[in-house]
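Read the structure below first, then the notes.
The values are calculated or read from the model by the stated rules, or taken from the named source; none is laboratory data. No experiment lies behind these values; they were computed from the predicted model shown. Because the Cβ atoms are built from the backbone with ideal geometry, glycine has one as well, and the counts that use them run over all protein chains shown. Ligands, DNA and RNA are stripped out before the accessible areas are found, and what is left, the full protein with its side chains, is counted by its heavy atoms. Shrake-Rupley method; radii C 1.70, N 1.55, O 1.52, S 1.80 Å.
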Amino acid sequence: MRLAKPPRSTRKEAIVPMINVVFLLLIFFLMTAQIAPPDPFEVVLPAAERETQAEGTLTLYVSAEGGLAYQDAQGEAAIAALSEAAITGGDQFLPVQIRADAGVEAVEIARLLRSLSEAGAQQITLLTAPP
């Protein structure tokens, strides 16, 4: 008695595990990404050669017209909000970055530096762009 061999079915690729991996990667990147708020206004940095990388997490923006901004605070309130955010525990003041437009007069930057030092800032960095 001869029995007929059953027809061979082609093996289908399992795509479900690949979809699972893609979704896990998507969730991982969404959970680890930090979404930065937009800049309060457009700033064109002055050109200069950099010796070291800028340090600091607190950024004060200065527009070409001399307007100040830190997060949601505008004008002189930005310096007060920055100094409140910069104090960590005791007398230690976090490093501050100034992101000033290239069109800002040096006198305005000097006045700003004096205001920040009176508020307690000890390390202030002026951000520049490479030439």
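Please indicate, with yes or no, whether at least one residue in region 78-97 is in contact with a Phe, Trp or Tyr (Cβ under 9 Å, 6 or more places away or on another chain) and within 26 Å of Glu49 (Cβ to Cβ).
Within region 78-97 (the criterion being in contact with a Phe, Trp or Tyr (Cβ under 9 Å, 6 or more places away or on another chain) and within 26 Å of Glu49 (Cβ to Cβ)), the answer is no, since none of the residues qualifies.
For region 26-48, give me each residue that is modelled with pLDDT of 85 or more and loosely packed, with under 10 Cβ neighbours inside 10 Å.
Phe29, Leu30, Met31, Thr32, Ala33, listed by residue number.
Sort through Gly66, Gly103 and tell me the only one that's modelled with pLDDT of 80 or more, assigned to a loop (DSSP other than H, G, I, E, B), surrounded by 12 or more Cβ atoms within 10 Å (Cβ to Cβ) and touching a helix residue (DSSP H, G or I) at 6+ places or on another chain (Cβ under 8 Å).
Values: Gly103 fails: touching a helix residue (DSSP H, G or I) at 6+ places or on another chain (Cβ under 8 Å).
Answer to the selection: Gly66.
With (1) at pLDDT 80 or above; (2) over 25 Å from Ala36 (Cα atoms); (3) of a type in the set (A, V, I, L, M, F, W, C); (4) open to solvent by less than 40 Å² (accessible area, probe 1.4 Å) as the list, and Leu60 as the residue in question, which single condition is left unmet?
For Leu60, the exception is condition (2).
Is it the case that region 3-25 has a residue that's modelled with pLDDT under 80, over 15 Å from the mean Cα position of the chain (by Cα), among the acidic types (Asp, Glu) and farther than 20 Å from Pro130 by Cα?
Checking region 3-25: at least one residue is modelled with pLDDT under 80, over 15 Å from the mean Cα position of the chain (by Cα), among the acidic types (Asp, Glu) and farther than 20 Å from Pro130 by Cα.
Checking the structure you have, find out if any residue of region 116-128 is under 20 Å from Pro46 (Cβ atoms), among the hydroxyl-bearing types (Ser, Thr, Tyr) and in a loop (DSSP other than H, G, I, E, B).
yes
Is it the case that Ala78 is more than 14 Å from Gln123 (Cα to Cα), open to solvent by less than 80 Å² (accessible area, probe 1.4 Å) and at pLDDT below 75?
In short, no.
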